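Colleague: What follows is a structure written as structure tokens; I'll ask about it next.
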Amino acid sequence: MDADVVVIGLGSAGSMALWQLAKRGLDVVGVEQFGIGHARGSYAGDSRLFRSAVHEGPRYVPRLRRARELWLELERDSGRHLYDECGALQIGTAGTGGIAKSVASAQQFDLPHEVLDAWDLRARYPQHRVDDDTVAVLDHHAGSLYPEASVLAAVAAAEARGARVLTNAEVIDFDERGGRLEIVTPEVRVSCEKVVVATGSWTLRLRPDLKGFLQILPLSLTWFMPRHPELFTADRFPVFIRDEDGVHLYGTPSHDSYSVKVATEPLWPAIGSPDDVPAFSRADLRRITAWAAEFIPDLNPEPVRYSMHHDLFAPGDLPLVDLDEDTGMLLLTAFSGRGFKFAPVFGEIAADLITGVRNELWDSGFALSSHPR
Ligand SMILES: Cc1cc2nc3c(=O)[nH]c(=O)nc-3n(C[C@H](O)[C@H](O)[C@H](O)COP(=O)(O)OP(=O)(O)OC[C@H]3O[C@@H](n4cnc5c(N)ncnc54)[C@H](O)[C@@H]3O)c2cc1C
């Protein structure tokens, strides 16, 4: 089989790169080791937070602004509901850095937002327990994305523009033949000019040379049942992140009318492969439950559902988005626990790099040579 470009891995970033490459009229083939929208990708778990006014710093805002446009375009294009723009509350203690940075991002880029004190929060969002020195930024260009549906929608949008898709086809090797790259699966070989490696936590299998500085971290999700589910619908309960008393929590409104996702940051050490994600211990669950119930007292203090996932992390949490002109191989990976919201914009950046178009949203910090090794 021949193609201009092969995208290996049709998860969060790969599905979007396939869509963007197909939009540019390239002959593109996507290869996925499982089915489309499978349950083992870093995108799995019902919902992902989208935020525009981010505390990670203003350099991210233009990328998020473009990502939001692309999310809305994909929704229109696919006719599927992919995003609830219910807003995002970033909650913390007055005077702490994270809140100040988000407000600065919102002001610098004129993003619609409100700053709420403890009294505003108690009146508008009584679901959250707050102290008198608690404050929040309400980011209006923010909300909850539906990741599995988004991956499916992006792949379908690419196929509608002529992309070909191979599923249940694991790429096990690359070859060079006659000046072209050859992508090898147990059943098919695809010859192409360029390849996008969007293999997430599996990247180290194909590129063991990157093992020294990339690591796979387990990330957990937990869902709790509110006693009053009507308080947790998207029109009343924005997505949130909270950093207080040394605890980081984030969550989304109820998407199923009985449970609310409330989760925390990595608690587990790095693992060697996505197959090695640890099981929850009762102690882990009790710790997360205690935090959830402390900050959102309406939650029944027992997770109704929990699952363990993984993502590939790079030092400084900067992703690896880099085209090696000599080999024609573009790395599109290491989104470090925060990549889903950016997925369409990184798909667009990848398509521009492949076609030689300058994209100002690419950052030299994403280059392989910028990552400490
Ligand atoms: C629990 C959790 C919560 C998160 N919350 C948020 C959030 O709220 N907001 C946010 O923005 N981000 C969030 N993230 C981060 C975000 O989901 C990830 O950064 C993003 O999904 C990573 O995308 P990816 O394309 O690199 O990997 P994936 O989406 O996993 O895609 C990789 C794909 O490549 C395929 N593949 C791998 N190897 C091969 C091969 N050899 N041949 C063929 N196919 C292959 C895989 O099967 C997979 O489909 C969260 C992550 C986790 C785990």
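We did not get these values from a lab; they are worked out from the coordinates using the rules stated. Given the structure is predicted, the values throughout are model-derived calculations rather than measurements. Cβ placement follows ideal geometry from the backbone for every residue including glycine, while neighbour counts extend to all protein chains displayed.
Colleague: Based on C-alpha coordinates, I'd like the Rg and Dmax of the range 131-267, in Å.
Modeller: Answer for the range 131-267, Rg first and Dmax second: 21.5, 69 Å.
Colleague: Can I ask one more? Return ASP2, ASP117 ranked ascending by Cβ neighbour count within 10 Å, so the fewest neighbours appear first. Spell out each step's value before the answer.
Modeller: Numbers: ASP2 10, ASP117 14.
So the residues, fewest neighbours to most, are ASP2, ASP117.
Colleague: Same structure again: Among DSSP beta bridges lying fully in the chain, give the percent that are antiparallel, nearest 5. Let's see the in-between values first.
Modeller: Working: 51 of 72 bridges.
Bridges in the chain are about 70 percent antiparallel.
Colleague: For the range 1-134, taking Cα atoms only, what is the radius of gyration to one decimal and the Dmax to the nearest whole Å?
Modeller: 19.3, 64
Colleague: Continuing with this model, one more query. Under the Karplus relation 6.51 cos²θ - 1.76 cosθ + 1.60, θ = phi - 60°, what is the ordered set of whole-Hz ³J(HN,Hα) values for the range 196-211, x standing for Gly and Pro?
Modeller: Once θ is set to phi - 60°, the couplings for the range 196-211 become 9, 9, 10, 9, x, 5, 8, 4, 5, 5, 7, 10, x, 5, 8, 4 Hz.
Colleague: Can you give me the long-range amide H partners of HIS310? Hydrogens built in the peptide plane at 1.01 Å from N, cutoff under 5 Å, separation of 5 or more residues or another chain.
Modeller: LEU219
Colleague: Something else now. To the nearest 20 Debye, how big is the dipole of the range 301-352 about its Cα centre, given +1 on the beta carbon of each Lys and Arg and -1 on that of each Asp and Glu?
Modeller: On the way: 3 positive and 9 negative charges, 89 e Å.
So the magnitude is around 420 debye.
Colleague: Which percent of the Cα-Cα distances in the chain go past 39 Å? Write down the numbers at each step before the final one.
Modeller: On the way: 10828 of 69378 pairs.
Here the long-distance tail beyond 39 Å is 16 percent of all Cα pairs in the chain.
Colleague: I want to check the label-to-label distance for VAL304 and THR96. Put each point 7 Å from Cα in the C-beta direction and report it in nm to one decimal.
Modeller: 2.8
Colleague: Follow-up. Distance between Cα centroids, the range 32-94 to the range 203-274: provide it in whole Å.
Modeller: 13
Colleague: Taking θ as phi - 60°, what are the ³J(HN,Hα) couplings along the range 82-90 by the Karplus curve (6.51, -1.76, 1.60), each to the nearest whole Hz, with x for Gly and Pro?
Modeller: So the J values, rounded to whole Hz, are 10, 8, 9, 7, 8, x, 9, 9, 9.
Colleague: Whose amide H sits under 5 Å from the amide H of VAL304, counting only residues 5 or more places off or on another chain, with H placed in the peptide plane?
Modeller: Amide H neighbours of VAL304, under 5 Å, 5+ apart: TRP223, PHE224, MET225.
Colleague: Fewest to most neighbouring Cβ within 10 Å: what's the order for TRP362, TRP202? Present the calculation step by step, with values, prior to reporting the outcome.
Modeller: Details: TRP362 19, TRP202 25.
Going from sparsest to densest Cβ surroundings: TRP362, TRP202.
Colleague: At 0.36 nm per residue, and after removing the present C-alpha to C-alpha distance, how many nm does the segment from GLU182 to HIS228 gain when stretched out fully? Don't skip to the answer; put the middle values down first.
Modeller: Numbers: separation 46, 0.36 × 46 = 16.56 nm, distance 5.60 nm.
Full extension from GLU182 to HIS228 adds 11.0 nm.
Colleague: With θ set to phi - 60°, apply the Karplus curve 6.51 cos²θ - 1.76 cosθ + 1.60 along the range 364-371 and write out the HN-Hα couplings as whole Hz, x wherever there is a Gly or Pro.
Modeller: Karplus values, whole Hz, x for Gly and Pro: 4, x, 7, 6, 4, 5, 8, 7.
Colleague: Also, quick follow-up: What residues qualify as long-range amide H neighbours of LEU10, i.e. H under 5 Å apart, gap of 5 or more or another chain, H built at 1.01 Å from N?
Modeller: GLN33
Colleague: A further question on this structure: Mind putting a number on the dipole of the range 201-261 about its Cα centre? Charges go on the C-beta only, +1 for Lys and Arg and -1 for Asp and Glu, and I need it in Debye to the nearest 20. Don't jump to the answer; show the numbers that get you there.
Modeller: Values: 7 positive and 7 negative charges, 69 e Å.
Rounded to the nearest 20 debye, it is 340 debye.
Colleague: Please report, in debye to the nearest 20, how large the charge dipole of the chain is about its Cα centre when each Lys and Arg carries +1 at its beta carbon and each Asp and Glu carries -1 there. Before the final figure, lay out each step's value.
Modeller: Details: 37 positive and 53 negative charges, 46 e Å.
It works out to roughly 220 debye.
Colleague: Which values of log₁₀ I(q)/I(0), to two decimal places, follow from the Debye formula for the range 230-373 at q = 0.12, 0.16, 0.18, 0.20 Å⁻¹ with a uniform point scatterer at every Cα?
Modeller: -0.68, -0.99, -1.10, -1.21
Colleague: Need the full-extension length gain, GLN107 to ARG24, defined as separation in residues times 0.36 nm minus the C-alpha distance. One decimal, nm.
Modeller: On the way: separation 83, 0.36 × 83 = 29.88 nm, distance 3.48 nm.
Contour length minus Cα-Cα distance gives 26.4 nm.
Colleague: Going 7 Å from the Cα of ASN168 toward and past its Cβ, which residues in the range 1-33 have a backbone nitrogen under 11 Å from where you end up?
Modeller: none
Colleague: Which aspartates and glutamates does LYS101 reach when only Cα atoms under 18 Å apart count, and residues fewer than 8 places away in its own chain are ignored?
Modeller: The qualifying aspartates and glutamates are GLU56, ASP110, GLU114, ASP117, ASP133, ASP139, ASP243, GLU244, ASP317.
Colleague: Taking the alpha-carbon distance from LYS211 and a cut-off under 26 Å, which lysines remain once sequence neighbours fewer than 8 residues away in the same chain are dropped?
Modeller: Those lysines meeting the cut-off are LYS194, LYS341.
Colleague: Nearest 500 deg cm²/dmol is fine: what mean residue ellipticity at 222 nm does the chain get from its DSSP H runs of n ≥ 4 alone, each adding -39,500 (n - 2.57), divided by its residue count?
Modeller: Working: 8 runs with 94 residues, N = 373.
Per the formula, -8000 deg cm²/dmol.
Colleague: Oh, and also: Using the 10 angstrom Cβ neighbour count as an exposure proxy, how do ARG207, ARG68, ARG358 rank, fewest first? Can you show the working numbers first?
Modeller: Numbers: ARG207 17, ARG68 21, ARG358 7.
With the sparsest Cβ surroundings first, the list reads ARG358, ARG207, ARG68.
Colleague: Sticking with this structure for a sec: If you take the charge dipole of the range 129-232 about its Cα centre, with +1 on Lys and Arg Cβ and -1 on Asp and Glu Cβ, which of ILE183, ASN168, THR199 is farthest toward its positive end?
Modeller: Going by the charge dipole, the pick is ILE183.
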